[in-house]
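Participant: Could you have a look at this structure, given as structure tokens, before my questions?
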Amino acid sequence: MRPPTRVVLDVDTGIDDALALLYAVASPALDLCGVAAVAGNVPVEVAARNSAAVLALAGAGEVPVAVGAARTSTGAGPRTGPTNHGPGGLGVVSVPAPDVAPAQGVEAVVRQAAAGGPFTLLGLAPMTDLPAMASAAAEVVLVGGELAIEEPPELNASHDQDATARTLACGRPTTLYVIDVFEQVCVAPADVDRLLRSDRPPARLAGELLAVRRSHLIGDAGALVLLTHADLFAVEQRRIGFVGAHLTEAADGRVVDVVVDVDAEAVARTYVQVLLRA
């Protein structure tokens with residue numbers, strides 16, 4: 001058997017970031033080595049606290065959680081306006097507070113992860129933290145960008161355009177998990193119910209989060225399923241760059257791998273099965 005893929009997640013937790021953390025812990029094909037929080041869906045301190053709380057409930061309280069950037073490269077804070085995530089990040093779902101508040105810095109978490117061997121960096125949030133992290137990674141997977149341009153621009157790429165551009169220029173093999181695919185993977189209501197009835201706390205939490213998530217989208221968690229079940233996704237090389245505030249196909253862009261299609265039902269089923277079997 002292949003050894004598990006070592007991963008470090010950068011998050012703004014967030015309902016679907018929490019779903020991604022639960023999958024990263026539950027999947028035997030992944031080894032979660034560290035987490036960094038950044039301002040995005042919620043302020044950075046809230047994102048870090050939510051991450052640590054989810055990890056503790058999942059039995060992975062030993063995974064280090066770093067408090068990353070509170071503001072973007074241009075000084076902007078977290079996103080404004082109402083979202084499905086609510087002011088606390090996890091909708092109306094309550095998770096017990098972690099025993100210890102996150103206190104590590106991003107550099108320490110990356111250094112600790114790198115000391116154990118190659119790792120994949122997954123950016124599931126605005127990319128402010130990533131330029132300082134990407135050079136230590138073997139490869140980078142980014143949730144962000146769009147192929148079909150719509151308004152407003154996709155948040156993760158557009159919230160800190162300077163950091164996004166620098167991350168794409170990091171020189172590491174990079175895969176972009178675009179919003180076009182992100183929006184396709186929804187868990188069937190019957191499977192949400194299966195998770196809610198589970199006797200496993202992480203599975204029940206996943207069910208609670210999906211129950212309040214719009215359309216039961218797994219969102220960011222799809223990028224984790226990409227690492228464990230690549231055969232369920234179609235990936236093509238495209239030139240990607242900014243067109244205005246949109247990270248999309250551009251003639252002068254950088255060549256990266258882009259997830260262009262997905263077997264959405266199979267990915268959603270895979271997510272549920274991994275959580276139920278963990």
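Participant: Within the stretch 191-206, how many residues turn out to be over 30 Å from ALA148 (Cβ atoms), out of contact with any Lys or Arg (no Cβ under 8 Å at 6 or more places or on another chain) and small (Gly, Ala, Ser)?
Facilitator: 1
Participant: Another one. I'd like to verify a number: residues in the stretch 213-228 that are under 16 Å from the mean Cα position of the chain (by Cα) and either open to solvent by 60 Å² or more (accessible area, probe 1.4 Å) or aliphatic (A, V, I, L, M) (or both), how many?
Facilitator: Number of matching residues: 8.
Participant: Which of the following residues is more than 18 Å from ASP129 (Cα to Cα), modelled with pLDDT under 85 and small (Gly, Ala, Ser): GLY81, GLY88?
Facilitator: Sole residue among the options that is more than 18 Å from ASP129 (Cα to Cα), modelled with pLDDT under 85 and small (Gly, Ala, Ser): GLY81.
Participant: Moving to a separate point now. Which strands (runs of 3 or more DSSP E) does the stretch 1-87 wholly contain that include 2 or more residues that are in contact with a Cys (Cβ under 6 Å, 6 or more places away or on another chain)?
Facilitator: Output list reads 5-11.
Participant: Among residues belonging to the stretch 9-34 that are open to solvent by 10 Å² or more (accessible area, probe 1.4 Å) and not β-branched (Val, Ile, Thr), point out the one that is nearest to GLN273 (Cα to Cα).
Facilitator: Here the residue is ALA26.
Participant: Here's a check for you: in the stretch 112-157, which residue that is of a type in the set (S, T, N, Q) and buried (at least 16 other Cβ atoms within 10 Å of the Cβ) is nearest to GLY171 (Cα to Cα)?
Facilitator: Ranking the qualifying residues of the stretch 112-157, first place goes to THR120.
Participant: Got a number for residues in the stretch 35-46 being more than 21 Å from THR167 (Cα to Cα) and either within 14 Å of the chain's Cα centre (by Cα) or crowded, with 24+ Cβ neighbours inside 10 Å (or both)?
Facilitator: Of the residues in the stretch 35-46, 1 are more than 21 Å from THR167 (Cα to Cα) and either within 14 Å of the chain's Cα centre (by Cα) or crowded, with 24+ Cβ neighbours inside 10 Å (or both).
Participant: In the stretch 66-81, which residue that is within 19 Å of the chain's Cα centre (by Cα) and touching a residue at least 60 places away in the same chain (Cβ under 8 Å) is farthest from GLY207 (Cα to Cα)?
Facilitator: Residue satisfying both the conditions and the ranking: THR72.
Participant: Residues in the stretch 187-212 that are open to solvent by 10 Å² or more (accessible area, probe 1.4 Å) and touching a residue at least 40 places away in the same chain (Cβ under 8 Å): how many?
Facilitator: So the count comes out to 9.
Participant: Shifting gears a bit: List the number of the failed condition for VAL63; all other conditions in (1) farther than 21 Å from VAL143 by Cα; (2) open to solvent by 10 Å² or more (accessible area, probe 1.4 Å); (3) out of contact with any strand residue (DSSP E or B) (no Cβ under 6 Å at 6 or more places or on another chain); (4) free of Cβ contacts under 8 Å to residues at least 40 places away in the same chain hold.
Facilitator: (3)
Participant: Looking at the stretch 268-277, can you tell me whether even one residue there is among the polar types (S, T, N, Q) and open to solvent by 20 Å² or more (accessible area, probe 1.4 Å)?
Facilitator: Within the stretch 268-277 (the criterion being among the polar types (S, T, N, Q) and open to solvent by 20 Å² or more (accessible area, probe 1.4 Å)), the answer is yes, since at least one residue qualifies.
Participant: Find the residue count for the stretch 203-261, including only residues that are among the aliphatic types (A, V, I, L, M) and in contact with a Ser or Thr (Cβ under 8 Å, 6 or more places away or on another chain).
Facilitator: Number of matching residues: 12.
Participant: If you don't mind, there's one more thing I want to ask. Just checking, how many residues over the stretch 82-111 are touching a residue at least 60 places away in the same chain (Cβ under 8 Å) and open to solvent by less than 80 Å² (accessible area, probe 1.4 Å)?
Facilitator: Residues in the stretch 82-111 being touching a residue at least 60 places away in the same chain (Cβ under 8 Å) and open to solvent by less than 80 Å² (accessible area, probe 1.4 Å): 11 in total.
Participant: If you don't mind, there's one more thing I want to ask. For the stretch 229-260, which residues satisfy the criterion of being open to solvent by less than 30 Å² (accessible area, probe 1.4 Å), in a strand (DSSP E or B) and touching a strand residue (DSSP E or B) at 6+ places or on another chain (Cβ under 6 Å)?
Facilitator: Answer for the stretch 229-260, where residues must be open to solvent by less than 30 Å² (accessible area, probe 1.4 Å), in a strand (DSSP E or B) and touching a strand residue (DSSP E or B) at 6+ places or on another chain (Cβ under 6 Å): PHE233, ILE240, VAL256, VAL258, VAL259.
Participant: Here is a follow-up. So the check is Cβ under 9 Å with 6+ separation or different chains; which pairs have a first residue in the stretch 159-178 that's in contact (Cβ under 8 Å) with a residue 24 or more places away in the chain and assigned to a loop (DSSP other than H, G, I, E, B) and a second one that's open to solvent by less than 10 Å² (accessible area, probe 1.4 Å) and of a type in the set (S, T, N, Q)?
Facilitator: VAL178/THR248
The values are calculated or read from the model by the stated rules, or taken from the named source; none is laboratory data. From a predicted model like this one, the values you see are computed outputs, not experimental measurements. Quick reminder, even Gly has a Cβ in these numbers, built from the backbone with ideal geometry, and neighbours come from all protein chains shown. Only protein heavy atoms, including side chains, enter the accessible area calculation; ligands, DNA and RNA are left aside. Shrake-Rupley method; radii C 1.70, N 1.55, O 1.52, S 1.80 Å.
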